[in-house]
Structures are given as C-alpha cells and as structure tokens.
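Report on one structure; see the data block that follows.
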Amino acid sequence: MRRRRWWSTLLFYLLLAFILLYLVFPFYWAVVSSLKSPQELFETPVRYWPAHPRWQNYVDVFTQQPFGRNLLNSTVVAGLTTLLSLLVGSTAAYALGRFRFMGKRTVFFTVLSVAMFPQISVLGGMFVLIRSLGLYNTWWALVLAYMIFTLPFTIWVLTSFIREIPRELEEAAFVDGASPVQVLRIVLLPLMAPGLVTAGLLAFIQAWNEFLFALTFTIDNSARTVPVAIALFSGASQYELPWAQIMAASVIVTVPLIVLVLVFQQRLVSGLTAGAVKG
Amino acid sequence: MIQRSRLAARRTRTAWLFLLPSLLVLLVAAAYPLWRTFQLSFYQVSILQFPLQPEWVGFDNYRFLLADPYWRVSLKNTAVFTVVSVALETVLGLGIALAVNARFAGRGLMRTAMLVPWAIPTVVSAQMWRWMYNDVYGVVNDLLLRAHLIAQPLAWLSDPHLALPGVIAVDVWKTTPFMALLLLAGLQSIPDELYEASTVDGASGWQQFWRITLPLLKPALLVALIFRTLDALRVFDVIYVMTGTNPTTMSMSVYARQQLVDFGALGYGSAVSMGIFLIIALFAAAYLVSLRVELD
C-alpha cells in the first residue's frame with residue numbers, strides 16, 4: 001500500500017461526507033418538515049431545525065386522514081403477496097435448481113422475461129380480468145397483480161440459493177427412500193431458510209412500494225395502499241397540500257423499511273446482487 | 001439403459017409437477033392479461049361500461065398511434081429520461097463504488113446509508129423532493145440562493161425547461177446508490193493480487209483503473225446498465241407523482257395510463273401499452289442474448 005498524504009486523506013473523507021449528506025439529506029428534510037407547525041412550514045427564510053418541534057402532524061395523519069386503514073391495507077396485501085410467492089416459488093425453484101429435464105431452459109427464460117416486462121403492458125387486460133372476477137377495489141386484486149413481479153423474482157433468487165446448497169444431504173435422503181416432496185420439505189426447506197428470508201423481504205418491499213397497480217385497481221380507502229394514499233393526500237382546498245402531514249406519513253412508512261434494511265443489510269445486498277434486480 | 005431413461009422420465013415429470021403452481025399463477029397473472037391487452041388494442045371500447053361493448057376497428061388504433069403527437073412527446077421524454085438518468089447513475093454509481101471499496105473507518109455506516117434511498121418507496125421520495133423543490137418554501141431554492149448559485153427562486157417543476165431535469169435528479173438520487181451496490185459487488189470480486197502485482201511493476205492508480213478495474217468490472221457493469229435501462233424505459237411513479245400528466249415530462253407509461261384510465265379509452269390505451277411492450281421487449285431480448293446464465 002502506498003502511503004497517503006494527510007491532505008489526500010482529508011479530501012477523501014470530505015468526499016465521503018458529501019456523498020453521505022447527499023444520500024441522507026432528503027430524508028432528514030422530511031423529518032424536519034414533519035415536526036414543524038403550519039406557520040413554521042410556510043415561513044421564509046427556511047428553518048433548518050424547527051423552533052418548536054411537535055408531534056401533532058403524526059397524530060393528524062391518523063385522525064384527519066384514513067392513514068391507519070391504508071397501513072393495514074398495505075400490510076395485508078404485501079404480506080399475502082410475499083407468503084404466496086414463497087409458497088409457490090419455492091417448489092419451482094427446487095425444480096429449476098436441482099432437476100435436469102426437457103424444456104428447463106425455456107421455463108427459465110420465460111420466468112426471467114416476465115420479471116422484465118413492463119407492468120403497463122398488462123394494465124388494460126388486468127383491469128378487465130379484475131373487473132370480471134369481481135375483485136376490483138379489493139386486497140385480492142392487488143395480490144393477484146403483484147404476483148407478476150414478485151413470483152418470477154422469488155423464483156430467481158431462490159433458484160440461485162438452492163444451487164449453492166450441497167447435494168449430499170438430499171442424495172442420502174433419496175437413498176433412504178424419501179420422495180421429492182419429502183426431500184424438499186424436510187431436508188431442503190430448513191437449509192433454504194436464509195434464502196427464504198431474503199427473497200421474502202425483497203418481495204415484501206416490492207409489494208409495499210408498488211404504485212401503478214394500486215392506483216388503478218382501487219377507488220377508495222377500503223383497499224387503497226400507503227403509496228397511493230401519500231400521492232393523493234389532500235388538504236382543505238385543492239391548492240393547499242397538507243405538506244406536514246405528507247412528510248409525517250412519509251417518515252412513518254420509511255422508518256420500518258430503514259430498520260429492515262439495517263437488520264438484514266448483508267442478506268439484501270447478496271440477494272440483490274444474485275438477482276441483479278430492479279429497484 | 002431402459003431403467004435409466006425411465007428414471008429420467010420420472011424426474012422430468014416430478015420437475016414439471018413442481019413447476020405447475022408457478023406456471024399456473026403466471027398464466028393467470030401475466031400471460032392472460034397480456035393477451036387480453038393485445039386483443040383489446042384492435043377494438044374501440046370504453047373502460048366505463050361493464051360488460052364491455054367492444055367495436056372492432058382493426059389496425060386503426062396503431063395507425064393513430066404512429067401519428068399521435070402526444071405519443072411522440074412521451075417517447076422523446078422517456079428517451080431523454082432514460083439516457084440521461086442511466087448515464088449519470090452509472091458514472092456516479094461507479095465513483096461511489098470505488099470510494100466505498102477503499103478501506104476506511106465508517107465503511108459500514110456508508111453502506112447502510114446507500115441502502116436508504118433504495119428502500120424509500122418511489123412515491124415517498126417523489127413527494128419529499130416535490131416539497132424540497134417548492135418554489136417559495138422549498139429548501140433547494142434556499143440552499144442555492146445561500147450559495148449564490150441562483151439570483152432568484154426557480155419554479156423547478158412548473159418551468160418547462162427545468163421540470164424534466166428536476167425529475168431526473170430525483171431518479172438519480174434514488175437509484176445511484178443501488179447502482180453503486182451492484183458495482184461494489186463486482187469490484188470486490190477482483191482479486192487484490194492483481195493490484196499488488198501491478199503496483200510492484202510501477203503502475204499508477206489511473207493505469208490500474210483503466211487496465212484492471214474497468215475490464216474486469218465489465219460484466220457487472222453491463223448487467224447493471226441493462227437492468228437500469230429496462231427500468232427507466234417503463235418509468236411511471238416518479239413522473240406521475242411529481243408532474244402528473246403534464247406533456248413536458250410525460251413518459252410512455254404515464255401516457256398509456258392516461259389513455260386507459262383518465263380518458264377511458266381501453267382500446268387505444270392498450271395499443272399504446274403494446275407499443276411500450278414492443279420497445280422494451282427489444283431491449284430485453286438484447287439482454288437475454290448477452291446474458292450467459294449457468295443452468296446446471
């Protein structure tokens with residue numbers, strides 16, 4: 001290693017500090033804005049820390065807006081989508097990761113191309129399907145629609161996990177006369193646990209953040225999810241957006257995601273780089 | 001020999017049984033709606049009447065699409081958005097990845113901070129920035145005024161010259177760290193010995209970057225680039241939330257949804273959707289060809 005001069009080290013840390021500030025500032029600003037009173041929010045020059053921080057906006061989000069209901073909707077929809085994707089996707093990943101069979105390449109590329117095609121290209125057909133199934137403005141409409149992107153992605157991540165598990169244990173189980181279903185359930189699933197957590201988390205985050213389908217397939221708060229609610233928050237008049245409440249709601253949905261990311265950092269990164277996926 | 005092929009046949013059958021649930025779900029959730037959208041693109045039909053009352057119009061929707069000035073505008077906006085945002089994200093992402101790849105105190109903190117913009121829902125980040133861009137009370141104008149970079153506050157999202165760059169800046173903020181993470185994984189797979197050996201041979205940092213880092217990073221760079229391009233081409237959330245259906249920033253997806261839902265033109269909107277599908281399918285096909293996946 002070359003010896004660094006002190007000023008080049010200083011410059012390097014300044015650069016890092018700048019990058020850090022750039023990445024985190026918008027979130028900091030949302031927190032600051034959510035703690036301001038309406039008068040302070042619309043005050044010039046802008047204050048970089050509220051003179052009288054207050055929690056009222058966080059209360060208002062739940063009393064003046066139906067945000068509690070939106071949170072429930074998002075949790076149920078993202079939870080169901082994740083569970084279904086893992087359930088259905090793990091057997092498919094087992095087949096793709098372990099079996100040699102005719103047509104495997106075709107299946108693999110079909111799944112991969114579904115993951116890549118744009119949501120907008122199924123919007124019209126999906127709308128008609130959901131209407132004719134009577135699912136419009138329900139949780140199930142969103143769960144069904146979200147499988148388009150969570151399932152291929154789950155299969156992709158789980159397949160790459162299964163390939164890394166050594167085969168010896170399964171082979172021993174087969175020799176002992178276990179069926180493929182038993183092998184998957186008893187031998188492979190426990191070994192896949194880290195992969196299931198990673199794939200599940202990524203599917204949950206994708207479903208939690210989705211906007212286009214949620215905007216189009218819901219009409220009121222009985223099924224409206226958090227991203228749509230935050231996009232459509234309205235105040236007393238059309239021209240007066242409740243910015244403090246929007247920022248408070250933004251902080252409320254972002255904090256759990258940041259905690260998840262902190263806890264599962266290593267796994268998320270390995271899952272993302274294994275799949276090289278959309279953000 | 002016979003027994004062996006019988007065993008293989010049984011394995012094949014088991015594999016397909018395991019695949020069946022997923023294939024069924026994808027058939028209902030992906031293949032059928034796609035087929036239906038394709039079908040609808042040959043009809044004139046309103047989204048407001050159920051059951052649908054479609055009227056066959058043949059290729060009229062597509063003929064109209066080719067001459068539609070708003071489609072062209074949205075095509076141009078999407079192209080500008082894609083080229084500029086992907087280029088900036090790649091260059092900045094590579095820079096950040098190189099910086100974070102060095103050994104320094106607080107590297108873990110830095111890596112966590114990089115995941116923050118990625119984890120924030122796009123809609124939320126769009127709203128955060130919309131507020132920061134506010135022409136009177138926004139912090140962006142305040143900072144630029146304090147730094148004497150501008151003489152008076154700018155109307156970031158309503159000025160036709162600034163709106164698209166403003167939206168692109170938000171996408172760059174949100175996606176650059178993700179790009180950096182993908183590239184960082186690529187950087188870490190380059191063995192240290194290569195750098196040590198070349199340092200002994202007297203190579204400069206600059207030479208090392210061009211002769212070692214960049215060539216070995218090429219596969220990771222290519223994958224990241226193509227994924228970002230596919231993603232940018234279908235951009236919807238950030239544009240819809242920040243500037244709605246305003247033609248100065250409208251992307252292809254925003255236009256398709258406006259036709260489908262706001263105007264209720266299920267037939268024409270589907271034709272727009274199929275146009276987008278075709279464009280992205282071409283890029284995706286190029287990706288699949290360039291990608292060499294190990295299957296066994």
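Bear in mind that the values in this text are calculations on the coordinates, not laboratory data. Treat the numbers as computed from the prediction; the structure is a model and nothing was measured. With ideal geometry, Cβ positions are generated from the backbone for all residues, glycine too; neighbour counts draw on all protein chains shown.
For chain A, a Gaussian network of Cα nodes joined below 10 Å ranks A:L16, A:L87, A:L112 by mean-square fluctuation, and the top entry is A:L16. Two tests apply to each whole DSSP H helix in chain B, Cα reach of 20 Å or more along its axis and mean Kyte-Doolittle hydropathy of at least 1.0, and the ones passing both are B:69-101, B:163-188, B:214-233, B:266-290. Checking every one of the trypsin sites (Lys or Arg not before Pro) in the range A:20-101 against DSSP loop status and a limit of 12 other Cβ atoms within 10 Å picks out A:R100.
The distance between label points at A:L232 and B:T245 comes to 1.5 nm (points 7 Å beyond Cα on the Cα→Cβ vector).
Exposed loop sites were defined as chymotrypsin sites (Phe, Trp or Tyr not before Pro) in DSSP loop states (anything but H, G, I, E or B) carrying at most 11 other C-beta atoms within 10 Å; in chain A the longest segment without such a site runs A:56-238.
Farthest towards the positive end of the charge dipole of the range B:55-206, among the residues B:A87, B:A203, B:V139, is the Cα of B:V139, using unit charges on the Cβ of Lys, Arg, Asp and Glu. Largest GNM mean-square fluctuation among A:A145, A:A51, A:A229, using chain A with Cα springs under 10 Å: A:A51.
With K and R counted +1 and D and E -1, the other residues having a Cβ less than 15 Å from that of A:S34 yield a net charge of +2. Close amide H contacts of B:Y43 (hydrogens built in the peptide plane, cut-off under 5 Å, sequence separation of 5 or more or a different chain): B:V57. Sites listed here are trypsin sites (Lys or Arg not before Pro) in the range B:1-109 whose DSSP assignment is loop and whose Cβ has at most 12 other Cβ atoms within 10 Å: B:R103. Only Lys, Arg, Asp and Glu carry charge here, each on its Cβ (+1 for the first two, -1 for the last two); on that basis the range B:1-72 has a dipole of about 840 debye about its Cα centre. Each of A:L202, A:W156, A:P190 was placed along the dipole of the range A:152-261 (beta-carbon charges, centred on the mean Cα), and the one lying farthest toward the positive end is A:L202.
Partner shielding of B:105-117 amounts to 5, given as the average count of beta-carbon atoms from other chains within 10 Å of each residue beta-carbon.
Shape class of the range A:109-169 from the Cα gyration tensor (axes a ≥ b ≥ c, square roots of the eigenvalues): prolate, since a/c reaches 1.5 or more and a/b is larger than b/c. Calculated mean residue ellipticity, 222 nm, chain A: -23500 deg cm²/dmol, from DSSP H runs (n ≥ 4) at -39500 (n - 2.57) each, averaged per residue and rounded to 500.
A:V261 sits among other residues whose Cβ lies under 12 Å from its own Cβ, and their net charge, with Lys and Arg +1 and Asp and Glu -1, is +2. Computed from the C-beta positions of B:A281 and B:T112, the FRET efficiency with R₀ = 35 Å rounds to 0.40.
Using a/c under 1.5 as the rounded threshold, could you call chain A rounded, prolate or oblate? The axes a ≥ b ≥ c are square roots of the C-alpha gyration tensor eigenvalues, and prolate needs a/b larger than b/c, oblate otherwise. The shape class here is oblate. In chain B, Cα pairs under 8 Å separated by at least six residues give a relative contact order of 29 percent. Angle of helix A:265-275 to the longest C-alpha principal axis of chain A, folded into 0 to 90 degrees and rounded to 10: 60°. Classified by the C-alpha gyration tensor, the range B:41-295 has an oblate form. Its axis ratio a/c, with a ≥ b ≥ c, is 1.5 or above, and a/b does not exceed b/c. Short-range pairs are left out: with C-alpha atoms under 8 Å and at least six residues apart, the relative contact order of chain A is 30 percent. Take each residue in B:129-137, count the other chain C-beta atoms within 10 Å of its C-beta, and the mean is 4. Look at the stretch A:25-31: the mean tally of other chain Cβ atoms within 10 Å of its residues' Cβ atoms is 6.
Taking the dipole about the Cα centre of the protein assembly as shown, with the C-beta of Lys and Arg at +1 and of Asp and Glu at -1, give me whichever of B:P33, A:F42, B:H161 is farthest to the positive side. About the Cα centre, the residue reaching furthest to the positive side is B:P33. Computed from point charges on the beta carbon alone (+1 for Lys and Arg, -1 for Asp and Glu), the dipole magnitude for the range B:22-118 about its Cα centre is near 500 Debye. Count the net charge of all other residues whose Cβ sits under 15 Å from the Cβ of B:I96, scoring Lys and Arg as +1 and Asp and Glu as -1. Here the charged neighbours net out to +3.
Around the Cα centre of the protein assembly as shown, unit charges on the Cβ atoms of Lys, Arg, Asp and Glu (plus for the first two, minus for the last two) sum to a dipole of about 1280 debye.
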